[in-house]
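Read through the structure below, which is laid out as structure tokens, and then see the notes.
The values are calculated or read from the model by the stated rules, or taken from the named source; none is laboratory data. From a predicted model like this one, the values you see are computed outputs, not experimental measurements. Here the Cβ is made from the backbone with ideal geometry for all residues, glycine too, and neighbour counts use every protein chain on show. Remember, those area values only see protein heavy atoms, side chains included, never the ligands or the DNA or RNA. Shrake-Rupley method; radii C 1.70, N 1.55, O 1.52, S 1.80 Å.
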Amino acid sequence: MYELLIFYLAAINIAGFLAMGIDKKKAARHEWRIPERVLFGIALLGGSIGSLAGMHAFRHKTRHLTFTIGLPLILVLQVMIFQLLRRYV
């Protein structure tokens, strides 16, 4: 079970990182973009570290307060939830 969780978290964080890169590339080409709710959805599903890394690596969404505050907040909440689950499960 633990191995499956590690695999899931690795995959969702890679997805978050790639989504930021793809959206940045599409923005530069004035193409169809990945909706912000999808980017936040990936982060909420456990990909907050990858999304944050992609945000900074690609310099994407760094001027949007919803992302500069929202993604770190999601990460903090996920760490808190993880700590609570670890303590009680």
Lone unmet requirement of (1) open to solvent by less than 100 Å² (accessible area, probe 1.4 Å); (2) free of Cβ contacts under 8 Å to residues at least 24 places away in the same chain; (3) closer than 17 Å to PHE17 by Cα for LEU77: (3)
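Suppose we filter segment 38-48 for residues that are under 12 Å from GLY70 (Cα atoms) and either in contact with a Lys or Arg (Cβ under 6 Å, 6 or more places away or on another chain) or of a type outside the set (Phe, Trp, Tyr) (or both); how many remain?
5
Restricting attention to segment 1-39, and to residues there that are assigned to a loop (DSSP other than H, G, I, E, B) and open to solvent by less than 100 Å² (accessible area, probe 1.4 Å), which single residue is farthest from LEU52 (Cα to Cα)?
We begin by selecting, within segment 1-39, every residue assigned to a loop (DSSP other than H, G, I, E, B); these are 1, 29-35.
Right, trim to open to solvent by less than 100 Å² (accessible area, probe 1.4 Å) and you get 31, 33-35.
Details: GLU31: 23, ARG33: 18, ILE34: 16, PRO35: 16 Å.
Top of the filtered list is GLU31.
Could you count how many residues in segment 40-56 are hydrophobic (A, V, I, L, M, F, W, C) and open to solvent by less than 60 Å² (accessible area, probe 1.4 Å)?
Taking segment 40-56 as the starting set, the residues that turn out to be hydrophobic (A, V, I, L, M, F, W, C) are 40, 42-45, 49, 52-53, 55.
The next check asks that each one be open to solvent by less than 60 Å² (accessible area, probe 1.4 Å); those that pass are 40, 42-43, 52-53, 55.
Qualifying residue count, segment 40-56: 6.
For segment 57-67, which positions are surrounded by 14 or more Cβ atoms within 10 Å (Cβ to Cβ) and either hydroxyl-bearing (Ser, Thr, Tyr) or out of contact with any Gly (no Cβ under 6 Å at 6 or more places or on another chain) (or both)?
Applying the first criterion (surrounded by 14 or more Cβ atoms within 10 Å (Cβ to Cβ)) to segment 57-67 yields 58, 60-61, 67.
Within segment 57-67, HIS60, LYS61, PHE67 qualify.
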